[in-house]
């Protein structure tokens, strides 16, 4: 057992850190720092910068353009990206569907879709949830009916992040009925400009527009846009989930947020003490979240570098997202009454009218509100707990930490 | 609306306080103070002192020997009793079965049982739970089969507090089967010296002997010892529960414990601060339990003096018992490593070998362990929550706080 | 002891309830909130004239009804349940409380009539929750004063006809002595107000006072000794805001119960899952205890200063913890729909988030309670 | 980075597991605990000779196996899972750690052979968790020393062949300088030991030293500078005790799952109730994170002092919170049976309660972590 990085890994971390300090678009980092919202164009420039080093398709096999990292290297990269304050890679294309196309797509599909993803020429959206199918995703109802070489799609997808700027959407659709509800589901890709596709914005609780409702009204898409076999969509979706189950961990982000909170709390005046860092309640709560983050990191590393146990993976979804929410609560406490202002954050410099020391409060309050979603999306906490229980009850023994991993 | 006591109520409180300061057996108070365990004889003397003022049968109608108090007066009395550090009245006889005998007993039964209770000549035990019937009490299996003028009893009762010193036990028994499980249950009293009654001690987690298993092996008891009608036992048990649903509130005990903790924490050295009361974590946790206790008190008073809502009553069972457990956790923190010694506490002066400042630690650690029972007995927290949910779902509206009570 | 409401109080609640049901429905309120100026003069007039409740807790001598803290509690709870935007709290509770102590009958009469709307500018950017963190200065200028300084996140300020401003006439920042109260016209020369919407659909402003001249009558109360009054009114305000929070939470709990009974997943209403049932029970329990906490604060307002302050802090802590728990879980149990601005739940959650951070956070009042207890021991 | 165990480590764990399953079953352990002297010389001999694990983490030069903190972690976890009474922790972890730094090879050899059992007498009645709260004094007496003072709740002291005692050779109570370590024979003249059973079925003692004479060789390490060594070994001890706690908690979680699947109420196993399922999931999650916390502390023992101490405190906090949550809920979900001494759950809960309060409570280590972070920032 060894906690330290090897010299080679340390060198890699240095390289990545240098990249973000100099080669990565600094104006994007500045916008994130001040809490401005990024445009599609900002995202594209950021992605292209990563791709210039071959660091964009982080979960792909090397033959299709992936960087060929070990789990530890990938972890180091994500740490450094988040430590630098860069926006997380939008997962829909490169993290979610890309690896599925690599694994299950036809050569033509790979040829058609992968290069556009790698070069950020195409943005993608994910069409999974439906208004009546959230936690119970397998009950989804959007239908795909064969008509010659096409499917005709009818139904509604919801919570589709970025659908308003996407070029493609990959959807779980029902291609047959009658069997177990997990069966008869297929994975079909649709260009967003296909006739009959309509995107309606959903304004989130923090006032931003990131989510959408996408309705499909007799939308025609070629059967050639189906990935893999008909009726196997549920299987592919689960492969996807399994490979990215720790994508929400965001340990680097947590650590840099906590550092920023500690720094800021050392400057901001307190109520009973000179500074916030000396306020007993705040200091202990901060310490307690710091401890949680450092412990969760070990669990994440154990899961990434060993044989991951399914119950542990679900447990970490819960732990990581709850820790992220606790961090937003610390920010909220620092914000005090400055949690109130609700300002547009689309233009750089939006915050100039606020007292400098309290500018952080506006985006951080928005985070407090928006991050409530973390424990809802991607398998709500309650659903994860059902999954964990089933695994614990089935196993008849707890997962054996502390055994050699085969 | 008015929070203050009337002048008459204040005068009553003074009278009660004076009684405990002078008339009540001071050696019993001293034993409780040092954490010694009370004997049956201690309990009897304490009960007789209360009865000398007519303050023992606190829940009985005046005609049978009750004090005829208003709910506020009863509350004041219990507050003062607990503030004085007197042991709570053992509920089995006077609080639990007494009112049922008053309400549903025959004149002969009242004549036979009530005076012995009032004069502390007889101690009682409660035979409800069975090994296979805990939270699901209605599934109880102990049988009572008629044989002439007698019942023949067979079965096992468990968790019978004080059975080892009781003279009588009142039991819920099954006198017929086949209907809904709540039906066919009767309430039967049995002398503890009846042939076939066997008492086995259960040693609790804190090492004390308070609980027992009582087995009935073809025990013969006259049908005349049944209270009320055959098959109505479940109903009487619920009447009993309803009238004493707030008996676990122990607000006076909580307040005096919290005062004692605050006093002690002001004297005991801390780790990072001069004294424990200045340790930030401890100070805030103490404050937070103090706040909970003062708020729970208002809820209890609202329930006692108004029309009690069943969901609120169950909620208060949970809140009161959890607060009591939190208080034991504060004690445990003050005890530091002195939570470890496990000493016999039956003889006065048992604690002389310990450093004076840490003598509290032994009985308080025992409390920490033993008070885990509070959220298990009398309807476990989880069962109470089921009850509350059913009431909330049925009502289609939340109980209306802030409406005039009819 | 007595925890019952009088018939008049029951009547007050029910007429306000019906009025708001009709006049401040969810969609209408959202529309008003998004309009310029973000509040409804009609509704305000209605509260003043049709219902006549702006003076509910004010003496008859200024046109009020002569009620007290219990009336305020009832009104605030209902305003909370309906997410009323209009500045009743700022005007009829806070400002009226300050003005009453200053004997300003004319101003009170205008409030009761519905002609005046107030904002109390006390907080400063670096001051957090301390009323005595006052860097704004008032210097004598002839018989009047000149005010300079910066006030932060002044709720309802963009709507106010009058500002009450705490300013230092002596001493240094965070001294307890030397704090005075002034009545300032928001349109006066030198007042620069930068207004903005707030996350709960209201308006607030940061206000800069740059050598603002006011005359001698602008001083409310006596010079340099206003802190204890402000703190007392602060506790009154906590009780009232706590009552508003009860209304907000009642709605959050009820909406969540209703939503989970109607929303189906895995072939059954999600309310059939015991884990969700128990969560809602926990929400209900927090609400029940918060209710008692607000009673405690409300009925302790005439007690001595320490007891009053302890009761207020106990209430703010209980209400604050309840707001967070109930608000977060209401959103969680509404699932994705809880994350949108389409259902009421998100709006109530945002109001909950603001109340939690007003007049001292939960952390603040826990520490205040601990300090008061230590001092009293 | 690497979180795998070597084949030898896997082998160590499994042989210890089988040995304890056979030799330290629940009933047998209870019987040993209630006997006089309350521990089993046989079992101790077995650990030393049959398994040879007392020197698992000690160098080969003193007869050990030359392992390290990971071996200690494995052994302590299994001792915890079996609620072993015998003083492995006190002897092979704590005392051996102190003696190793003092270069006391002979004493270490005796430990490895199973001939010596130790207790470390550091705590004093008023000292809480501070190693530098040392009122016990050692004054020079010729070439030796005389010790006087009082040590509190010294675990395993009634069984010890040797005592290690922290005593002040200079400075005042709570000074960091002036603390020395002495090896004292518990049978020496002037040593008054008042032993008692502890709630977890072990033994401890309060020990009075009344002018106890020791010779020059009793001094372990150098005079007056032992605090940093004690603190370092304290962090080693936290990692080891944390590992023991993992064994305790693993058993509590597994027993609770098993019990709820077998206990029927309302016509079904109580494990079919979702609220209980989710509670057990929460218990499992706390155990998982506590496991990582113990890894963190164990693998950070050779880091610099601040990082080592932060990792130890992080572990003690995580383990402490987990012990409380898992222990309390294991009892709760066992219902009445959890409240008796008949099932293992109560015994594990009591050991959990003791561990939680040893080497610094959760509150203590949270504050220590906050202090270390503030100092490092």
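Assigned to a helix (DSSP H, G or I), under 14 Å from residue B:254 (Cα atoms), within 18 Å of the chain's Cα centre (by Cα) and in the same structural domain as residue B:375 (by TED's automatic domain parsing): is that true of residue B:324 in this structure? Before you say what the answer is, go through the steps one by one.
Values: assigned to a helix (DSSP H, G or I): yes; under 14 Å from residue B:254 (Cα atoms): yes; within 18 Å of the chain's Cα centre (by Cα): yes; in the same structural domain as residue B:375 (by TED's automatic domain parsing): yes.
In short, yes.
Based on this model, can you work out whether residue D:362 counts as surrounded by fewer than 23 Cβ atoms within 10 Å (Cβ to Cβ), within 8 Å of another protein chain (Cβ to nearest Cβ), in contact with a helix residue (DSSP H, G or I) (Cβ under 8 Å, 6 or more places away or on another chain) and within 30 Å of residue B:206 (Cβ to Cβ)?
Working: surrounded by fewer than 23 Cβ atoms within 10 Å (Cβ to Cβ): yes; within 8 Å of another protein chain (Cβ to nearest Cβ): no; in contact with a helix residue (DSSP H, G or I) (Cβ under 8 Å, 6 or more places away or on another chain): yes; within 30 Å of residue B:206 (Cβ to Cβ): yes.
Criteria not met by residue D:362.
Would a scan of segment D:182-194 turn up a residue that is free of Cβ contacts under 8 Å to residues at least 12 places away in the same chain and surrounded by fewer than 19 Cβ atoms within 10 Å (Cβ to Cβ)?
Residues of segment D:182-194 that are free of Cβ contacts under 8 Å to residues at least 12 places away in the same chain, as a first pass: D:187.
The next check asks that each one be surrounded by fewer than 19 Cβ atoms within 10 Å (Cβ to Cβ); those that pass are D:187.
Scanning segment D:182-194, I find at least one residue that is free of Cβ contacts under 8 Å to residues at least 12 places away in the same chain and surrounded by fewer than 19 Cβ atoms within 10 Å (Cβ to Cβ), so the answer is yes.
So residue D:4 clears everything in (1) within 14 Å of another protein chain (Cβ to nearest Cβ); (2) assigned to a helix (DSSP H, G or I) except one condition, right? Which one?
Going through the list (1) within 14 Å of another protein chain (Cβ to nearest Cβ); (2) assigned to a helix (DSSP H, G or I), residue D:4 breaks only (2).
For residue C:285, state whether it is crowded, with 22+ Cβ neighbours inside 10 Å, free of Cβ contacts under 8 Å to residues at least 24 places away in the same chain and within 24 Å of residue C:352 (Cα to Cα).
Values: crowded, with 22+ Cβ neighbours inside 10 Å: yes; free of Cβ contacts under 8 Å to residues at least 24 places away in the same chain: yes; within 24 Å of residue C:352 (Cα to Cα): yes.
For residue C:285, the condition - crowded, with 22+ Cβ neighbours inside 10 Å, free of Cβ contacts under 8 Å to residues at least 24 places away in the same chain and within 24 Å of residue C:352 (Cα to Cα) - is met.
Out of (1) more than 10 Å from chain B (Cβ to nearest Cβ); (2) over 22 Å from residue D:277 (Cα atoms); (3) surrounded by fewer than 23 Cβ atoms within 10 Å (Cβ to Cβ); (4) over 21 Å from the mean Cα position of the chain (by Cα), what's the single condition that is false for residue C:324?
(4)
Among the listed residues A:394, A:400, A:372, which satisfies the condition of being at pLDDT 90 or above, more than 7 Å from every other protein chain (Cβ to nearest Cβ) and either part of a loop (DSSP other than H, G, I, E, B) or out of contact with any strand residue (DSSP E or B) (no Cβ under 9 Å at 6 or more places or on another chain) (or both)? Give the steps one after another, and end with the answer.
Numbers: A:400 fails: at pLDDT 90 or above; A:372 fails: more than 7 Å from every other protein chain (Cβ to nearest Cβ).
Every option except A:394 fails the conditions.
Just for segment B:1-30: of the residues that are under 30 Å from residue B:348 (Cβ atoms) and not in a helix (DSSP H, G or I), which one is farthest from the other protein chains (Cβ to nearest Cβ)?
Ranking the candidates gives B:25 first.
Quickly run through segment A:327-353 and pick out the residues that are at the interface with another protein chain (Cβ under 10 Å from one of its Cβ atoms) and in a helix (DSSP H, G or I).
A:329, A:332, A:333, A:334, A:335, A:336, A:337, A:338, A:339, listed by residue number.
Tally time: how many residues in segment B:307-326 are within 11 Å of chain C (Cβ to nearest Cβ) and out of contact with any helix residue (DSSP H, G or I) (no Cβ under 8 Å at 6 or more places or on another chain)?
Qualifying residue count for the region: 1.
Mind checking which residues of segment C:293-308 are surrounded by fewer than 24 Cβ atoms within 10 Å (Cβ to Cβ), in contact with a helix residue (DSSP H, G or I) (Cβ under 6 Å, 6 or more places away or on another chain) and in a helix (DSSP H, G or I)?
Within segment C:293-308, the subset surrounded by fewer than 24 Cβ atoms within 10 Å (Cβ to Cβ) is C:299-308.
Checking which are in contact with a helix residue (DSSP H, G or I) (Cβ under 6 Å, 6 or more places away or on another chain) leaves us with C:300-301, C:306, C:308.
If the condition is that a residue be surrounded by fewer than 24 Cβ atoms within 10 Å (Cβ to Cβ), in contact with a helix residue (DSSP H, G or I) (Cβ under 6 Å, 6 or more places away or on another chain) and in a helix (DSSP H, G or I), then C:306, C:308 are the ones that fit.
If you go through segment D:366-374 one residue at a time, do you hit one that is in contact (Cβ under 8 Å) with a residue 60 or more places away in the chain, over 30 Å from residue B:208 (Cβ atoms) and within 10 Å of chain A (Cβ to nearest Cβ)? Outline the logic, then answer.
At the first step, the residues of segment D:366-374 found to be in contact (Cβ under 8 Å) with a residue 60 or more places away in the chain are D:372-373.
Okay, now just the ones that are also over 30 Å from residue B:208 (Cβ atoms), so D:372-373.
From the residues that got through so far, the ones that are within 10 Å of chain A (Cβ to nearest Cβ) too are D:372-373.
Within segment D:366-374, one or more residues are in contact (Cβ under 8 Å) with a residue 60 or more places away in the chain, over 30 Å from residue B:208 (Cβ atoms) and within 10 Å of chain A (Cβ to nearest Cβ).
Looking only at segment D:260-272, count how many residues are modelled with pLDDT of 95 or more and touching a strand residue (DSSP E or B) at 6+ places or on another chain (Cβ under 9 Å).
5
Please verify whether residue A:382 is under 24 Å from the mean Cα position of the chain (by Cα), within 7 Å of another protein chain (Cβ to nearest Cβ) and in a helix (DSSP H, G or I), treating the condition exactly as stated. Give the steps one after another, and end with the answer.
Numbers: under 24 Å from the mean Cα position of the chain (by Cα): yes; within 7 Å of another protein chain (Cβ to nearest Cβ): yes; in a helix (DSSP H, G or I): yes.
So residue A:382 passes the test.
Restricting to segment A:339-361, and then to whatever is in contact with a strand residue (DSSP E or B) (Cβ under 6 Å, 6 or more places away or on another chain) and within 17 Å of residue C:352 (Cα to Cα), can you tell me which residue is surrounded by the fewest Cβ atoms within 10 Å (Cβ to Cβ)?
Among residues in segment A:339-361 that are in contact with a strand residue (DSSP E or B) (Cβ under 6 Å, 6 or more places away or on another chain) and within 17 Å of residue C:352 (Cα to Cα), the one surrounded by the fewest Cβ atoms within 10 Å (Cβ to Cβ) is A:342.
Residues are listed down the side, and each one gets a yes or a no for (1) assigned to a helix (DSSP H, G or I); (2) in contact with a strand residue (DSSP E or B) (Cβ under 6 Å, 6 or more places away or on another chain); (3) within 14 Å of another protein chain (Cβ to nearest Cβ):
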residue	(1), (2), (3)
D:57	no, no, yes
D:64	no, no, no
D:76	yes, no, yes
D:95	yes, yes, no
D:110	yes, no, no
D:125	no, yes, yes
D:145	no, yes, no
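Looking at B:172, B:114, can you tell me which residue is out of contact with any strand residue (DSSP E or B) (no Cβ under 7 Å at 6 or more places or on another chain), closer than 30 Å to residue B:65 by Cα and touching a residue at least 24 places away in the same chain (Cβ under 8 Å)?
B:114
Please work out which residue is nearest to the other protein chains (Cβ to nearest Cβ), limiting yourself to segment D:187-205 and to residues that are part of a loop (DSSP other than H, G, I, E, B) and touching a helix residue (DSSP H, G or I) at 6+ places or on another chain (Cβ under 7 Å). Write out each step before concluding.
Going through segment D:187-205, the residues part of a loop (DSSP other than H, G, I, E, B) turn out to be D:187-190, D:199-202.
With touching a helix residue (DSSP H, G or I) at 6+ places or on another chain (Cβ under 7 Å) added as a condition, the list becomes D:199-201.
Values: D:199: 5, D:200: 7, D:201: 8 Å.
Across segment D:187-205, the extreme among qualifying residues is D:199.
Suppose the filter is within 11 Å of another protein chain (Cβ to nearest Cβ), in a helix (DSSP H, G or I), surrounded by fewer than 20 Cβ atoms within 10 Å (Cβ to Cβ) and modelled with pLDDT of 95 or more; does residue D:279 pass it?
Numbers: within 11 Å of another protein chain (Cβ to nearest Cβ): yes; in a helix (DSSP H, G or I): yes; surrounded by fewer than 20 Cβ atoms within 10 Å (Cβ to Cβ): no; modelled with pLDDT of 95 or more: yes.
No; evaluated as a whole, the condition is false for this residue.
Count, please, the residues in segment B:307-321 that happen to be in contact (Cβ under 8 Å) with a residue 60 or more places away in the chain, under 22 Å from residue B:394 (Cβ atoms) and part of a helix (DSSP H, G or I). Can you show your working first?
The initial filter retains those residues of segment B:307-321 that are in contact (Cβ under 8 Å) with a residue 60 or more places away in the chain, namely B:307-318, B:320-321.
Checking the rest, the ones that are also under 22 Å from residue B:394 (Cβ atoms) come to B:307-318.
From what is left, the residues that are part of a helix (DSSP H, G or I) are B:310-318.
The qualifying residues number 9.
Looking at (1) at the interface with chain A (Cβ under 10 Å from one of its Cβ atoms); (2) more than 22 Å from the chain's Cα centre (by Cα); (3) closer than 20 Å to residue A:319 by Cβ, which is the only condition residue D:313 fails?
In the conditions (1) at the interface with chain A (Cβ under 10 Å from one of its Cβ atoms); (2) more than 22 Å from the chain's Cα centre (by Cα); (3) closer than 20 Å to residue A:319 by Cβ, residue D:313 misses (2) alone.
The values are calculated or read from the model by the stated rules, or taken from the named source; none is laboratory data. Since this is a predicted model, take the numbers as computed values, not measurements. In this analysis, Cβ positions are derived from the backbone assuming ideal geometry, glycine residues included, and neighbour counts consider all displayed protein chains.
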